[in-house]
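Report on one structure; see the data block that follows.
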């Protein structure tokens, strides 16, 4: 069943399979916390970083991703850290607190994770609604095991439209727990069925890397104590939003504000520069008063102003424009269904569509500055504008 | 020449006219600070509050406004404070530091202020470019006195388009100082000509009331020491922006960001509510991460979330939608002239145009929440939407 152990020569070898069995699964006195192994499905740019924080906090992981390179990358790094042979990596974890990392094991499908004895909680961090449907409802998905599933709580960190989130929550609630293999029921939750928490995040890759994500959580509030310590291993804030789908709604609304603020700040900084005001001065003006935002303070779109922001690293390694465009589309769709006017979100969705068309889709969403600063009022001025941009930001 | 003294029975009566003459005008050792009387032209909602802070800091004012009721209001309050008979007022200053208020005198025109011996600095705080042209260049304007003007520094706090600001700065520089009546020249500035600083503000009426405005200042930097203590009597931050017009450019760019952030935050809060997420929860989500801004933290558009914000007081007493629309128009015009694409500013300008058309123009600009929350996706749903709004915010 094991695709690959963390490292044959690592302390994993000292653990007989039974060691992680039922006896150890509930470390706390109350059955309000799932302990034991943690499942993690989806090791993309976000999930990989989040999983590492769980490992670094000492949790043992069962992981799956359709991309076996991502899986191998995590397993190799985890093994290297555990054997003390870590040297360097593209995503170094030298900033994590010291201590013993957990063990990572890779399985062949989400279904295999869901039927592994000892798994208490499974996280999913996927690319969107389609992937989420596949991972939860597919023939090898988390809900596929015929005899019921072992984890009592599933936590979906994917950004979804609220209807999909509600549908998945209903499907999970309708599934059965394999009570022979699962741990004790959680206080306040039915013994026979698992539950799904939506836990979409804000903070992007930078937050995932630093372990400073903000989790928005909705669903069965009784399940929160079982997972909060895991969320806090990956993030700094956990905000309870309400029923299934509500956290996703809040997540999309946050994206609307974040993207509009980014676009407005970027075009204002670009205009200021064209009117003769240095972006550093303009940033000071914004931050001194009513133009202040997370964007202007922590994620400035002009290269060199926020050293740790993607804009200062060639717009690499952040929240991609394509993702923002996808999330805005979900938000606008949700708005249409609820007859809510969102003219700003429509405008910024259109703008990010243009940014993607210009070939900046894989860059961080702050690269909208490059788009508005590089281009003049007319589309055809883009080329000369880009030359201007490159000349001013060598 | 005096229209009306502060109060005939006030301590003003104890001051013979000569007491405020030349000998007292320069209190500091270096001639880098204009002291003496301070002129103040424009006692609208902003100017009135700003002038009171100058009085409260002990400065003697020469004031002018075309609306004699505004002038009388200031003079009456100043006299009442000085004689200790102040009881209450629509704009109470009980929150100001104690101490002796300065004396306010009203003159008949800006020109009379500019030719009064003892006036070192004149502030203007006007409704826009047209009023600024009138007050500076009109036949009874600040530059009208034939023998030159007494103040060496004029400070325009009006929000202007950068070209008008640059033109006025040029006209002031081309005017003459009445060297017989003016104080000693300021270090680093020509002895024969006055200078104009642009000092537009952010912070709105709330900031003007509390004395927490942010001043953006441009022009002759050598003139800044002469006025900085006066700016700091009215605000908490003074940011140097550069040449004449640059502060106005920065001011307009700040408005673009402020208005877009407000509109995006308002529509996101409205959408969240329609999707079942309470605005308080949504505000917590925004403030916990990448949706955070001055709007969400200090000026929330949903009634009751920020107690001191205009939204919690019927959207009264803030920055009017009509003003925001005017400033956005100036920003978009400046952007067009510099071939700068500002799609977000265009969208928000259009939105505030609609808000004004709906009759909300005189309300605070946070009332865009009321517009998007009150109206559905289609314009004709406004009426029922307003009923919904009123039912939820009794």
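For residues that are out of contact with any strand residue (DSSP E or B) (no Cβ under 8 Å at 6 or more places or on another chain) and outside any loop (DSSP other than H, G, I, E, B), tally how many sit in segment B:172-191.
Total satisfying the criteria: 1.
Criterion first (buried (at least 24 other Cβ atoms within 10 Å of the Cβ), within 30 Å of residue B:243 (Cα to Cα) and within 10 Å of another protein chain (Cβ to nearest Cβ)) does residue A:235 satisfy it?
no
Would you be able to say whether some residue in segment A:316-329 is more than 12 Å from chain B (Cβ to nearest Cβ), under 23 Å from the mean Cα position of the chain (by Cα) and in a loop (DSSP other than H, G, I, E, B)?
Yes - at least one qualifying residue is present in segment A:316-329.
When segment A:348-370 is examined, which residues are found to be without any contact (Cβ under 8 Å) to a residue 24 or more places away in the chain and at the interface with chain B (Cβ under 9 Å from one of its Cβ atoms)? Steps first, please.
Initial filter on segment A:348-370 (without any contact (Cβ under 8 Å) to a residue 24 or more places away in the chain): A:350, A:354, A:357, A:359.
Matches in segment A:348-370: A:350, A:354.
For segment A:305-314, which positions are away from chain B (no Cβ under 14 Å) and in contact (Cβ under 8 Å) with a residue 60 or more places away in the chain? It would help to see each step written out before you state the result.
Within segment A:305-314, the first condition is being away from chain B (no Cβ under 14 Å), and the residues that meet it are A:305, A:307-308, A:311-314.
The one that is away from chain B (no Cβ under 14 Å) and in contact (Cβ under 8 Å) with a residue 60 or more places away in the chain: A:308.
Which residues, counting only those in segment B:259-288, are within 7 Å of chain A (Cβ to nearest Cβ) and within 18 Å of residue B:370 (Cβ to Cβ)?
B:260, B:261, B:263, B:264, B:265, B:267, B:268, B:270, B:271, B:272, B:274, B:282
Here's a check for you: in segment A:122-146, which residue that is in a helix (DSSP H, G or I) and free of Cβ contacts under 8 Å to residues at least 12 places away in the same chain is surrounded by the fewest Cβ atoms within 10 Å (Cβ to Cβ)?
A:130
Could you please tell me which pairs satisfy a Cβ distance under 6 Å, a separation of 6+ or placement on different chains, a first residue in segment B:198-220 that is within 9 Å of chain A (Cβ to nearest Cβ) and without any contact (Cβ under 8 Å) to a residue 24 or more places away in the chain, and a second residue that is assigned to a helix (DSSP H, G or I) and crowded, with 24+ Cβ neighbours inside 10 Å?
Listed pairs, sorted by first residue: none to list.
Quick check: is even one residue across segment A:315-335 under 30 Å from residue A:170 (Cα atoms), surrounded by fewer than 22 Cβ atoms within 10 Å (Cβ to Cβ), free of Cβ contacts under 8 Å to residues at least 24 places away in the same chain and not assigned by TED's automatic domain parsing to the domain that holds residue A:202?
yes
Every residue in segment B:147-171 that is out of contact with any strand residue (DSSP E or B) (no Cβ under 9 Å at 6 or more places or on another chain) and assigned to a loop (DSSP other than H, G, I, E, B), please.
Hits for segment B:147-171 are B:147, B:161.
Where residues in segment A:289-304 are facing chain B (nearest Cβ under 7 Å) and within 26 Å of the chain's Cα centre (by Cα), which of them is surrounded by the fewest Cβ atoms within 10 Å (Cβ to Cβ)?
If we take residues in segment A:289-304 being facing chain B (nearest Cβ under 7 Å) and within 26 Å of the chain's Cα centre (by Cα), then A:294 is surrounded by the fewest Cβ atoms within 10 Å (Cβ to Cβ).
Report yes if residue B:344 is farther than 26 Å from residue A:285 by Cβ, within 11 Å of chain A (Cβ to nearest Cβ) and at pLDDT 95 or above, otherwise no. It would help to see each step written out before you state the result.
Values: farther than 26 Å from residue A:285 by Cβ: no; within 11 Å of chain A (Cβ to nearest Cβ): yes; at pLDDT 95 or above: yes.
The answer is no for residue B:344.
The values are calculated or read from the model by the stated rules, or taken from the named source; none is laboratory data. This is a predicted model, so every value here is computed, not measured. Every residue, glycine as well, gets a Cβ built from its backbone with ideal geometry; the counts of neighbours run over all protein chains shown.
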